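See structure below.
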Amino acid sequence: MPIPARLTGLALTGLALAALLAGASGAGAAVDQKGPMTGLPVPRYVSLKSDRVNLREGPSKDHRSSYVFERAGLPVEVTAEFDTWRKIRDSEGTEGWVLHSLLSGRRTALVAPWKKDKTLPLFRDPRADAEVVANLQPGVIGSVKKCDGQWCRIYGDGFDGYEQQSNLWGVYPGEQVE
């Protein structure tokens, strides 16, 4: 589409920036964008390495801590990278910056944290008519063994089985994990 002559210079730059920001912030943002520090996809899911992780307002220790995570293995989403810092978001939407060394590439997922009072069945096989091997409370953390885009095999202390991918926070819809 031709650009009108009057849209040049700063106006064109502003439009390009607005289009870039609109595309990057939408729910359908491309997952194939690469982080400038790691070359890994941004956004992406990782997990917390430690039981105590300070969430900061900006990417340095000079910035104030706004929150402290106290749950090792908690899945978080990396949404930006700057030097040795990663901007993350948790399942409740809390955002801030953490040192990259406090994050692990180990994939974990929360079982339906949005379903506060309902247990979810964990199945022996990736089928809704398979034998139920456990009933999991919302917010349980499971390690992700694999996902086929519809079902994920997750395991944890006392459970191992399949959960529908749509009931997990820590994997993208349709994502395949090996």
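Which of the numbered conditions does Lys49 fail, given that it passes all the others? Conditions: (1) at pLDDT 95 or above; (2) open to solvent by 50 Å² or more (accessible area, probe 1.4 Å); (3) more than 27 Å from Gln165 (Cβ to Cβ); (4) not acidic (Asp, Glu).
(3)
Would you check which residues across segment 86-96 are surrounded by fewer than 20 Cβ atoms within 10 Å (Cβ to Cβ) and on the phi < 0 side of the Ramachandran plot and list them?
Our first condition is that a residue be surrounded by fewer than 20 Cβ atoms within 10 Å (Cβ to Cβ); within segment 86-96, this holds for 89, 91-95.
Those that are surrounded by fewer than 20 Cβ atoms within 10 Å (Cβ to Cβ) and on the phi < 0 side of the Ramachandran plot: Arg89, Ser91, Glu92, Thr94, Glu95.
Name the residues in segment 142-171 that are under 11 Å from Arg107 (Cβ atoms) and either of a type in the set (Gly, Ala, Ser) or in contact (Cβ under 8 Å) with a residue 60 or more places away in the chain (or both), would you?
Gly142, Ser143, Gly170, Val171
Out of all the residues in segment 143-153, is one or more open to solvent by less than 20 Å² (accessible area, probe 1.4 Å), of a type outside the set (Lys, Arg) and more than 25 Å from Arg89 (Cβ to Cβ)?
No; the residues of segment 143-153 include none that is open to solvent by less than 20 Å² (accessible area, probe 1.4 Å), of a type outside the set (Lys, Arg) and more than 25 Å from Arg89 (Cβ to Cβ).
The values are calculated or read from the model by the stated rules, or taken from the named source; none is laboratory data. Bear in mind the structure is a predicted one, so any value in this text is a computation, not a measurement. Every residue, glycine among them, receives a Cβ derived from its backbone with ideal geometry; neighbour counts consider all protein chains shown. The area values use the complete protein model at the heavy-atom level, side chains included, leaving out ligands, DNA and RNA. Shrake-Rupley method; radii C 1.70, N 1.55, O 1.52, S 1.80 Å.
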